[in-house]
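S.K.: Here it is: the structure, laid out below.
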Amino acid sequence: MRRPIIAANWKMNCTVSQAHELVSAFKGLVKDVTGVDIVLAPPFTSLVEVAQLTAGTDIALAAQNMYWEESGAYTGEISPLMLKDIGCSYIIIGHSERRAYFGETDDTVNKKLKAALHYGLNPIVCVGETLAQREAGEPTQVVGAQLQGGLAGLTPAQVNKAVIAYEPVWAIGTGKTATTEQANEVHSFIRQQLNAGFGEATAQAVRIQYGGSVKPDNVDELMAQPDIDGALVGGAGLKADSFARIVKFED
Ligand code: 13P
């Protein structure tokens, strides 16, 4: 049985004081929640604050991006060592916004993934097709290529530590959620790909999150799907009560 994992990707939102307010309210709302991994991914500037606020709770911390080197002359970048040092246990890699606006490719995803694993960060690897790619009938082709490139050269033991987030680009921030069938179809394809590349045990162990307009009113139906093991939440993760409701999904 895979343990559900629900993560909030705050994207470029919240000052430190807003982060303080949000997390202070949220942690009270979920203090009795068990059986689900909860992850918060604030911007870099709020990571330390959120780490302090969540110390002693089961809420885990993620960064939204990193570079793959440990240190050096890489102005503006943050290393896996730095993230580990302040208490991050997860790292989001290859989000579609990074692919679209900041030149991330399957190759940079692969480098970041290997670096994250080397430093003991659990990667959340994002994949997903654009609307044009879906309309051209290619969602699985696109996701298959992203997985193949992103996970290239990894061992099954390494892939076991990863979470895959399927985020159809057309469903992000648009209010359009993939139907549960559309989502589960791609999730089950991802599991088949993991099986083909890394074996049955890994395919069964890896958790696959859905992301794209997940809200309190659609999370239950999504989480009821057999191959959906969690959610990567954007907008609805910025309000304590709505994210708490998502974390407390009913299946
Ligand atoms: P929304 O939930 O705002 O659609 O964002 C999804 C997402 O991109 C999470 O990484």
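S.K.: Could you state the per residue volume, in Å³, of the convex hull enclosing the Cα atoms of the range 1-126?
M.R.: Per residue, the Cα convex hull of the range 1-126 comes to 115 Å³.
S.K.: Shifting gears a bit: Give me the distance in nm between label points sitting 7 Å out from Cα along the Cα-to-Cβ direction at residue 34 and residue 161, one decimal.
M.R.: It works out to 2.8 nm between the two label points.
S.K.: Taking only protein heavy atoms and a 1.4 Å probe, what accessible area per residue, in Å², does the range 113-218 have with all protein chains in place?
M.R.: So the range 113-218 comes to 40 Å² accessible per residue, rounded to a whole number.
S.K.: Based on C-alpha coordinates, I'd like the Rg and Dmax of the range 1-66, in Å.
M.R.: Over the range 1-66's Cα set, Rg and Dmax evaluate to 11.7, 38 Å.
S.K.: Could you run the Debye sum over the Cα atoms of the range 64-107, one equal point scatterer each and no solvent, and tell me log10 of I(q)/I(0) at q = 0.14, 0.15 Å⁻¹, two decimals?
M.R.: Log-scaled intensity ratios, in q order: -0.35, -0.40.
S.K.: What whole number of Å gives the distance from the Cα centroid of the range 159-175 to the Cα centroid of the range 22-38?
M.R.: 22 Å
S.K.: While we're here: Run the numbers for residue 145 and residue 239: contour at 0.36 nm per residue of separation, minus the present Cα-Cα distance, in nm.
M.R.: Difference between extended and current length: 30.4 nm.
S.K.: So, R0 is 41 Å and r is the distance between the beta-carbons of residue 221 and residue 52; what FRET efficiency does that work out to, to 0.05?
M.R.: E between residue 221 and residue 52, to the nearest 0.05, is 0.70.
S.K.: With an 8 Å Cα cut-off and a minimum separation of 6 or more residues, compute the relative contact order for the chain in percent.
M.R.: 21 percent
S.K.: Given 25 °C and 0.890 mPa s, compute D for the chain with the Stokes-Einstein relation, Rh being the Kirkwood radius over Cα pairs; round to the nearest whole µm²/s.
M.R.: 136 µm²/s
S.K.: Calculate for the chain the 222 nm mean residue ellipticity that helices alone would give, adding -39,500 (n - 2.57) per DSSP H run of length 4 or more and normalising by residue count, nearest 500 deg cm²/dmol.
M.R.: -12500 deg cm²/dmol
S.K.: Just need log10 I(q)/I(0) for the range 155-251 at q = 0.11, 0.17, 0.24 Å⁻¹, Debye formula, equal scatterers on the alpha-carbon atoms, no solvent, rounded to two decimals.
M.R.: Computed log10 I(q)/I(0) values: -0.32, -0.72, -1.18.
S.K.: Under the Kirkwood approximation applied to all pairs of distinct alpha-carbon atoms, what is the hydrodynamic radius of the range 46-187 in Å?
M.R.: The answer is 16.1 Å.
S.K.: If you roll a 1.4 Å probe over the chain with all protein chains in place, what percent of the accessible area is carbon or sulfur?
M.R.: It is 52 percent, rounded to a whole number.
The values are calculated or read from the model by the stated rules, or taken from the named source; none is laboratory data. Keep in mind the model is a prediction, meaning the values are calculated, not measured. Neighbour counts run over all protein chains shown; Cβ positions are idealised from the backbone, glycine included. The accessibility values were calculated without ligands, DNA or RNA, using every heavy atom of the protein model including side chains. Shrake-Rupley method; radii C 1.70, N 1.55, O 1.52, S 1.80 Å.
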